[in-house]
1. List the residues whose amide H sits under 5 Å from the amide H of A:Asn37, counting only those 5 or more places along or on another chain, with H placed 1.01 Å from N in the peptide plane.
2. Among B:Met100, B:Tyr35, B:Thr16, whose Cα lies farthest out toward the positive end of the dipole of region B:16-139, if unit charges sit on the beta carbon of Lys, Arg (+1) and Asp, Glu (-1)?
3. Roughly how tilted is helix A:40-54, in degrees to the nearest 10 and between 0 and 90, from the longest Cα axis of chain A?
4. Can you pull the semi-axes for chain B, root of five times each eigenvalue of the Cα gyration tensor, sorted largest first, whole Å?
5. Using the reciprocal of the averaged 1/r over all distinct C-alpha pairs, how large is the Kirkwood radius of the protein assembly as shown in Å?
6. Taking the 0 to 90 degree range and rounding to the nearest ten, how far is the long axis of helix B:59-69 tilted relative to the main principal axis of chain B, both from C-alpha atoms?
7. Excluding B:Arg89 itself, calculate the net charge of residues whose Cβ lies under 11 Å from the Cβ of B:Arg89, where each Lys or Arg counts +1 and each Asp or Glu counts -1.
8. Name the residues of region A:72-92 whose amide N is less than 13 Å from a point 7 angstrom out from the Cα of B:His115 along the C-beta direction?
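Throughout, read-outs are computed from the coordinates displayed, never taken from laboratory work. What you are looking at is a predicted structure, and each value in this text was computed from that prediction instead of being measured. Here Cβ is always computed from backbone atoms with ideal geometry, including for glycine, and neighbour counts include all displayed protein chains.
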There are 2 protein chains.
Amino acid sequence: MNIGDVAEKSGLPPKTIRYYEEIGLVRPLRSANGYRNFLERDVHKLAFLGRARALGFTIEDCRNLMALYEDDQRASSEVKEIAEQHLERIDNKIAELAQMRATLSHLVHACAGDHRPDCPILADLAATCPDEDLIDTTA
Amino acid sequence: MNIGDVAEKSGLPPKTIRYYEEIGLVRPLRSANGYRNFLERDVHKLAFLGRARALGFTIEDCRNLMALYEDDQRASSEVKEIAEQHLERIDNKIAELAQMRATLSHLVHACAGDHRPDCPILADLAATCPDEDLIDTTA
DNA sequence: CATTGACCTTCCAGTTAATGGAAGCCTTAA
DNA sequence: TTAAGGCTTCCATTAACTGGAAGGTCAATG
């Protein structure tokens, strides 16, 4: 199977599939003409990778998940640990974004958004420390 | 003022400050010895940039916000528009992460996480389309 | 048989926003 | 004088692709 078919079946662009080969996530055979020759097994692996990436796992996570997937002696605890760590990363990211969102939303609502230059958003970004005039800035 | 002092005052690492100069966000003077020589105004700008970046604005947003900040003829609507677009980006990102979180959390709870190889997480990642055998794959 | 168009190949560059490190000045104090 | 610390530039690296150029392959058509 050529890369175009695999792209369609796996949902990954050809560029990405080539990249995944380059970093060793798949090892397709080669036809006599130099074209990559994928087996169904490769398609399956690539779809697996696509789903893992869609869940936000890093490439390194994917590499490890794939290794576990192919190891029938694995302990599910190993998989779960990777997933839990990722879940924590996601939670942290969401918290960070929620914090940004709160501040930004507040500022946006406070801004008239008209022709006048007065802007609480810029005022906040420019905000000097409230006690700035108490700080020795001559140093 | 040397870069080290500016770093301390602005909260940005020296490396980042040099980078911001490289991409034209600040233009410090130079002393006779070749050292960058920052004015209070530069420190203020850098702190502004640091706060904007902390709110997740891109560097390009920062460039535009800074230009508006320095233009006393600006309309607050221009600032608000940038902020609103960013808010939307944040909301999209949060939604995406929340979706990942939901799926992943579900899978993690379903996984025993013991010594056995059975794992719903891997099963899901490997999941072929439920109706795969009904799909014409010969096309 | 030649050519066209759709594939495929490799290789190089660019993306975001820094960060790490090497090699080498400048300054100051012991 | 020499050592420490701060400063300089330049180059490489990060994550995970993506875009594009130059060129080989293949199937069908004129």
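1. Residues meeting the amide H criterion: A:Leu29, A:Arg30, A:Ser31.
2. The Cα lying farthest towards the positive end belongs to B:Tyr35.
3. 10 degrees
4. Working: eigenvalues 489, 92, 43 Å².
Working from the Cα gyration tensor, I get semi-axes of 49, 21, 15 Å.
5. Details: mean 1/r = 0.0435 Å⁻¹.
23.0 Å is the Kirkwood radius here.
6. Taking the Cα atoms of chain B, the angle to B:59-69 is about 40 degrees.
7. Details: positive: A:Arg101, B:Lys93; negative: B:Asp61, B:Glu84, B:Glu88, B:Asp91, B:Glu96.
Its environment carries a net charge of -3.
8. A:74-77
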